[in-house]
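I have placed the structure first, in the form of structure tokens, so that the comments after it can refer back to it.
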There are 2 protein chains.
Amino acid sequence: MPDFTDNLKPAHDGTQILEAERNGSPLSVQELSKHLLSRNDFLNRQARILEIVEKEPLMSKKNLLNLARPDRYHLGLARAKLIRRLALKHDWNKEDADMAEYLVDEMSPYHLHLSMFVTTVREQGSEEQKAHWMPQILNYDIIGCYAQTELGHGSNVRGLECQAKYDPTTKEFIIHSPTLTASKWWNGTMGRTATHAIIVAQLMLPDSTGNYVSHGPHPFVVQIRNKETHLPLDGIVVGDIGPKYGYTSMDNGYMLLDNHRVPHSAMLARYSHVDPNTGAFSRTGHQAVVYGSLTNVRATIIMHARLILARAVTIAVRYSTIRRQFHDRDDSKQAGPEMTVLDYPTVQIRILPLVATTFALHYTGEAMFNMYTSTRSNIEKGDFSGLAELHGVSSGLKSLCTTIAANGIETCRRALGGHGFGGGSGLININNDYLSKPTVEGDNWMITQQTARYLIKKMESVVAKPDAPAKDGTDALFKQYLKTRNTYKPKELVINGQYIDKAMMEAFEWRAADLTYRAYEARVVQKKGWTSLLVQLHRLSNAYSESFLVSNFHRALVHSSLSQAAQRVMRDMYRLFALSTMDADARTFQSCNAASSGSLDQLPDTIQQLMLQIRPHAVKVVDAWSIPDYVLDSALGRYDGKVYEDLYDRAHRQNPLNRVTFNVDWRSDEIVKGSNDGGKDILAKL
Amino acid sequence: MPDFTDNLKPAHDGTQILEAERNGSPLSVQELSKHLLSRNDFLNRQARILEIVEKEPLMSKKNLLNLARPDRYHLGLARAKLIRRLALKHDWNKEDADMAEYLVDEMSPYHLHLSMFVTTVREQGSEEQKAHWMPQILNYDIIGCYAQTELGHGSNVRGLECQAKYDPTTKEFIIHSPTLTASKWWNGTMGRTATHAIIVAQLMLPDSTGNYVSHGPHPFVVQIRNKETHLPLDGIVVGDIGPKYGYTSMDNGYMLLDNHRVPHSAMLARYSHVDPNTGAFSRTGHQAVVYGSLTNVRATIIMHARLILARAVTIAVRYSTIRRQFHDRDDSKQAGPEMTVLDYPTVQIRILPLVATTFALHYTGEAMFNMYTSTRSNIEKGDFSGLAELHGVSSGLKSLCTTIAANGIETCRRALGGHGFGGGSGLININNDYLSKPTVEGDNWMITQQTARYLIKKMESVVAKPDAPAKDGTDALFKQYLKTRNTYKPKELVINGQYIDKAMMEAFEWRAADLTYRAYEARVVQKKGWTSLLVQLHRLSNAYSESFLVSNFHRALVHSSLSQAAQRVMRDMYRLFALSTMDADARTFQSCNAASSGSLDQLPDTIQQLMLQIRPHAVKVVDAWSIPDYVLDSALGRYDGKVYEDLYDRAHRQNPLNRVTFNVDWRSDEIVKGSNDGGKDILAKL
């Protein structure tokens, strides 16, 4: 319905403002975009898939926040089917389909089928098993999920309670949940969708005296629902666990099994074998390859973290250049247009270091992929020596990078003022979904132990043989540290107004080495209890991971082929990332003599100066991340700057609540005006 | 439907575990509860109202996370009516009704009516206006809201765009929204509920030449909807702004007015007056009382923050004592029950300092109320001298305390592992709702300027007259600082294993004074630009507010009449709060010589030792906050420890998604099995 608001304009024009911002910087967005997003043909793929997906009415982002959670699953399933059909129609490969899911920005109820389910069958199934299952999987004749985590056990896989007891008389495994906490829990795709599951259960086999003993958790392929009725098979209770923080479209499930019998062939047998007649257990081959792929997953997590953070800073930077608030307090006139919000240092300090962080994450994600590729190819040649480092490094990085991104989204959101709390911010969904990341794929406080353990071991070997040739970067660093620890001088980070980029990196490396040495002393020399050291070890892992981020960033700068304009901004980004990270833990840098006290004193001013230098390029820098408006789904972050028009449109023209008039008189039982509902409608939904 | 899972038990019994925890500490929960919750008869009131509210089917907490947002408003309105009826039936006063809303844990669509709407009429209306409006308000014949914030302006009230132009010929004000950004926005109760609004608009009056000039924002009482049809009046466009982060039950609104005429009597006239005939403007009286009530609001915010944080730590502590994970790494057997999660220092360090923080917030909330009461009574006697301090202190505290609580909820949630992400955590709703607090009632990065300005002014006057008698605590501190700044010795915080409680407090005070002096030098002596100092000033405000929290906590200990057992635990809580706060900004404490470098080096160990001492009392300490299970609405945080039983019940017996079977075959258009819906149902909802 037309009304007098149709022709109203906002007091200032966001489109013009962003145009002026873009004209004010010499950066080439295209150059930077290509630099950042060429791996695996990302940019072209994004454009190609976006064009198809965006047109589909079912893929509309409108009104999602108004849907009930059961409807979000309903929608998710419809979209999953559509993506499958589009994939066949347009001959999409796996990466194309993944791109579609990324653009729709919602975890598909089929998600586990083509990730953990197929991966596990492929990596852990025997040739015979693969021949049996793979065609059904790839054709989506069955839908699979991965049932490892339980109500009572997540990280501690060895503690799983679900059992698979072998019965040699019938040649069957009896899969059983002996307790409530043995219930499978959280497993995606399992709640309402899957027909089959990989069930990870304690393999129980009779010993020589006939007593059953556990041989640890093993994977079994089990049909869980009837293919016709889609109802659970007898002896299986399975369902969706209900609403959670995010992932509204995904059916995370629970499942219990009551002495459910499956054939001997159910156990995936590439690396483990149970003799069908005797129940004797044997292992074959080396499972290390599996850990290798874990690292690949973690590299992907880091690359994803950078895009998620890029989305948040894109919204924050664009809106903060359009938004106006107050006059400068020292402006005696207090007239004219109010100040651009992004010109306040208190806004810059929250957003611009995170812009810099997107690049830090990027270069380390790239480095991780390269490290993974080379380690993997060594493994194929039988050389497993790189695995320990890869695993040690990737654990700490997964922890640090997902924590940075999760906190970063929220920091950006709060920097948007009131509208950051609104549905038009575009940050509600990613915040809700992303908050799972610090916990899944290894809890961020748990897995840092692995990095710390790796570092302490490494230091121990370096102390034992300080003169042996260095095997890798960390080795070389620790040797250097041991040699110079009594003569090392705290680094000056800025000399005569010149930033000493290399010194910043070296300060981070020194802190990491020093904290490793302290942890080595506490654990190896003083033999302190591991548990009592956990907080210290967590900090060590973070410090090492930060040093890794800084070094990779620095290395990328040194080898960069960017134009001078881009290079200049990226150098400032590096400095801003390094120095603001340093400022957050300045006392450690001081107490281990990594950086000079004077340099540390100067950090706040140096950081503020860097932000001033970066500020004019902020809009173009976030443009370079090329996040489509369709993905942003944000009134505040639109490329064209029509912030207020879009906010108003969502409220006035899209909100279904405004199509109903209410009876607000407390004396009346009626809730919706004219319905005479007596309030009973809503009571029925509780 | 009964099934084999009905009789399953979890692997370990949460009820027994919590019982053992409670038996293991000599603390009296009752003593502590009374100590904390006696103000305004809180404990008794909670018990009395809970008994009534909990029984009402409409107040059930089941399934809320499954409801669509429009249904949440629908439900909210039904509940608002019910609370009004219960209030009449049980003769509840305002505090009782507020308690009901707190227990239901959902902002009522009537909320603004009995808060900002009635308060503004009462405080700013003339006697005649009050006589006209108050009976209608108190009888709920009209429902009011408060329309100040606009699409383009929040904190900067002077920048509001909505205009109220006086037309002397008709003796009317013409209320008008000249732009889109002039739209009222965010105003609670306005979207679908209110019949009337206080509209804050620029008062435009003709000057001597007939040109209209603004006399700043003023409040007008305006009817916005027809009392019969509940439709907006002509020339008014009003609606709900749509989904946002939290507050699903509240109809935050937008409103634009098209040259809408209201009578002269619409302007609230206690302090301002427009001559009906000439349009001449005059002020009467002192508005300072209004700022006084702002402080009362802020004291309430702090007291609320402590209860919100108490809720989060209650859930975190109870669940972490029940949850088991891994064996101690140094336990060579790796057998027997796994370790209690709360025994890991990495879990303690996230949860226990926040437990201590609930008490820090408590004592400062109490102090703020007392400060407010005495300042208010001085104001009544015409003495406005206390206002500046009250306002200065309360701004920084609002900022710091709401940030602490908002971050604290999320820290607790992440410390819960996977189940923290689930709906059974009980933390999703409070997190979503509470995330508004760092922004509303003064943005947390904006209002710290007010505290900094107060402190710099105070330092300036102390520097000018160092020997004048001290007027208040801050005055005395700054004088002391100036006298001793060249001879002051950094504090030792622990001497021979003894905690020096007073030294901790003094270190905080010293840092606050020193940072104030640096800000004074930068601004007053070196005349640096205000905007360029904003980050520094924000940190100053936080440091001062932290010092205020520590001092109030220390004062409460010194004057405490608690039993020895309680006193001992509270002393450790004080130390843990002070030292973990110090550890987070250790370098500043060092660089301003507030605490000795040796003490600062020892902080991590000292903190870990304190946590060990507190650990056995953790469950009873959180019990003392007396948060009812009905409020917690948390499987993880239940008083009786039946964590897994409750999680399973929510999933298996309550989740509506499990009542439907889906057609998951991508070849079929059907979504719900047997419905032949063709997927069109969900498309219609987009």
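Here residue B:231 passes the criteria (1) touching a Pro at 6+ places or on another chain (Cβ under 6 Å); (2) surrounded by fewer than 21 Cβ atoms within 10 Å (Cβ to Cβ) except the one numbered (1). Residue B:393 meets the conditions (1) open to solvent by 10 Å² or more (accessible area, probe 1.4 Å); (2) in a helix (DSSP H, G or I); (3) over 30 Å from residue A:252 (Cβ atoms) in every case but one. The failed one is (1). Set side by side, the residues B:40, B:66 differ, and just one is open to solvent by less than 30 Å² (accessible area, probe 1.4 Å) and either of a type in the set (S, T, N, Q) or touching a strand residue (DSSP E or B) at 6+ places or on another chain (Cβ under 7 Å) (or both), which is B:66. When you look at residue A:435, is it at the interface with chain B (Cβ under 8 Å from one of its Cβ atoms), under 14 Å from residue A:408 (Cα atoms) and of a type outside the set (Asp, Glu), yes or no? Yes: the conditions hold for residue A:435. Restricting to segment A:4-18, and then to whatever is within 10 Å of chain B (Cβ to nearest Cβ) and surrounded by 15 or more Cβ atoms within 10 Å (Cβ to Cβ), can you tell me which residue is farthest from residue A:641 (Cα to Cα)? Looking at residues that are within 10 Å of chain B (Cβ to nearest Cβ) and surrounded by 15 or more Cβ atoms within 10 Å (Cβ to Cβ), I get A:5. Of the candidates B:633, B:583, the single residue that is within 14 Å of chain A (Cβ to nearest Cβ), modelled with pLDDT of 95 or more and at positive phi is B:633. Residue B:354 meets all of the listed conditions (1) surrounded by fewer than 24 Cβ atoms within 10 Å (Cβ to Cβ); (2) among the aliphatic types (A, V, I, L, M); (3) away from chain A (no Cβ under 14 Å); (4) under 18 Å from the mean Cα position of the chain (by Cα) but one, namely (1). Checked against (1) away from every other protein chain (no Cβ under 11 Å); (2) touching a residue at least 60 places away in the same chain (Cβ under 8 Å); (3) under 22 Å from residue B:125 (Cβ atoms), residue B:206 passes all but condition (3). Of the listed requirements (1) open to solvent by 30 Å² or more (accessible area, probe 1.4 Å); (2) within 30 Å of residue A:535 (Cα to Cα); (3) under 25 Å from the mean Cα position of the chain (by Cα), residue B:297 misses just one: (2). Can you tell me which residues in segment A:111-148 are within 28 Å of the chain's Cα centre (by Cα) and of a type in the set (Asp, Glu)? Passing the criteria: only A:123. Evaluation of residue B:297 against the conditions (1) modelled with pLDDT under 95; (2) of a type in the set (A, V, I, L, M); (3) closer than 23 Å to residue B:127 by Cβ shows that the sole unmet condition is (3). So residue A:646 fits all but one of (1) open to solvent by 50 Å² or more (accessible area, probe 1.4 Å); (2) within 30 Å of residue A:342 (Cβ to Cβ); (3) assigned to a helix (DSSP H, G or I); what number is the exception? Status for residue A:646: all satisfied but (1). Here B:7, B:44, B:66 are screened, and the one residue that is of a type in the set (S, T, N, Q) and touching a helix residue (DSSP H, G or I) at 6+ places or on another chain (Cβ under 8 Å) is B:66. For segment A:320-343, the criterion of being in a helix (DSSP H, G or I), within 22 Å of the chain's Cα centre (by Cα), more than 14 Å from chain B (Cβ to nearest Cβ) and β-branched (Val, Ile, Thr) is met by none of the residues.
When residue A:562 is tested against (1) crowded, with 21+ Cβ neighbours inside 10 Å; (2) within 31 Å of the chain's Cα centre (by Cα); (3) not hydroxyl-bearing (Ser, Thr, Tyr), only condition (1) is not met. The residue that is farthest from the other protein chains (Cβ to nearest Cβ), counting only those in segment A:418-430 that are surrounded by 23 or more Cβ atoms within 10 Å (Cβ to Cβ) and assigned to a helix (DSSP H, G or I), is A:430. Filtering segment A:241-254 for residues that are assigned to a strand (DSSP E or B), at pLDDT 95 or above, more than 14 Å from chain B (Cβ to nearest Cβ) and under 29 Å from the mean Cα position of the chain (by Cα) leaves an empty set. Quick one: in segment B:136-192, which of the residues that are part of a helix (DSSP H, G or I) and more than 9 Å from chain A (Cβ to nearest Cβ) is most open to solvent (accessible area, probe 1.4 Å)? Among those residues, the one meeting the criterion is B:138. Screening residue B:651 with (1) open to solvent by 30 Å² or more (accessible area, probe 1.4 Å); (2) within 7 Å of chain A (Cβ to nearest Cβ) gives one miss only, at (1). Per this entry, residue A:382 is not counted among residues that are outside the structural domain of residue A:251 (by TED's automatic domain parsing) and surrounded by 19 or more Cβ atoms within 10 Å (Cβ to Cβ).
Applying the set (1) within 29 Å of residue A:325 (Cα to Cα); (2) open to solvent by 40 Å² or more (accessible area, probe 1.4 Å); (3) not assigned by TED's automatic domain parsing to the domain that holds residue B:182 to residue B:128 leaves exactly one unmet item: (1). The sole residue among B:411, B:402, B:373 that is within 14 Å of another protein chain (Cβ to nearest Cβ) and either modelled with pLDDT under 95 or in contact with a Pro (Cβ under 6 Å, 6 or more places away or on another chain) (or both) is B:402.
For segment A:660-686, a residue qualifies if it is within 7 Å of chain B (Cβ to nearest Cβ), open to solvent by 70 Å² or more (accessible area, probe 1.4 Å) and closer than 20 Å to residue B:110 by Cα, and the qualifying residues are A:673, A:683.
For segment B:523-561, the set of residues classified as within 14 Å of chain A (Cβ to nearest Cβ) and β-branched (Val, Ile, Thr) consists of B:524, B:531, B:535, listed by residue number.
In segment A:236-256, the residues that are closer than 17 Å to residue B:6 by Cα form Cβ pairs under 8 Å with partners that are of a type in the set (Asp, Glu) and open to solvent by 10 Å² or more (accessible area, probe 1.4 Å), at six or more places apart or across chains, as follows: A:236/A:258; A:237/A:258; A:237/B:3.
The values are calculated or read from the model by the stated rules, or taken from the named source; none is laboratory data. The model shown is predicted, which means the values in this text are computed figures rather than measured ones. Neighbour counts run over all protein chains shown; Cβ positions are idealised from the backbone, glycine included. Remember, those area values only see protein heavy atoms, side chains included, never the ligands or the DNA or RNA. Shrake-Rupley method; radii C 1.70, N 1.55, O 1.52, S 1.80 Å.
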